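Enquirer: Would you mind keeping the following structure in view while I ask a few things?
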Amino acid sequence: MNSKTIAQSALASVIALGLLTAAGQASAADKEGAEKCYGVVKAGKNDCGSKGHACAGHATKDSASDEWIYLPKGACEKIVGGSLTAKS
């Protein structure tokens, strides 16, 4: 490998790392002004894990009381079945 190829690879890595960092910051910023809303999720559309699994998108039934999604603050309580806390 010559020095030009190494320099190009290093530059590409730095750019990719910057893009990944920016994407992570953007998703964190999207959650500001949002709250977890339980009990209104469609199967497979949850935002994160629950007691039965650890990943987003693994809800197995609609409106499960322990599955949640992020919604804008104040929206959850306007939805029938929506709750700010998980129900046992």
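Enquirer: In nm, to one decimal, how far is the modelled label at H53 from the one at I6, with both set 7 Å along Cα→Cβ?
Expert: About 4.6 nm, to one decimal.
Enquirer: Right, next: Collect residues whose amide H, placed 1.01 Å from N in the peptide plane, falls under 5 Å from the amide H of A43; neighbours closer than 5 in sequence don't count.
Expert: D62, S63
Enquirer: Stretch K73-A34 to full length: gain in nm at 0.36 nm per residue minus the Cα-Cα span?
Expert: Result: 13.5 nm gained on full extension.
Enquirer: Another one. So what are the ³J(HN,Hα) numbers for the stretch 67-75, from phi and the Karplus equation (6.51, -1.76, 1.60; θ = phi - 60°), rounded to whole Hz, Gly and Pro as x?
Expert: Coupling constants for the stretch 67-75: 9, 9, 9, 7, 10, x, 3, x, 6 Hz.
Enquirer: To check my understanding: the extent here is largest minus smallest coordinate of the Cα atoms along each principal axis. What are those three numbers for the stretch 33-88, in Å, largest first?
Expert: That gives 27, 20, 17 Å along the principal axes, largest extent first.
Just so you know, all these numbers are worked out from the coordinates, no wet-lab data involved. On a predicted model such as this, the values are computed, not experimentally measured, just so you know. Using ideal geometry, Cβ is built from the backbone for each residue, glycine included, and neighbour counts are taken over all protein chains shown.
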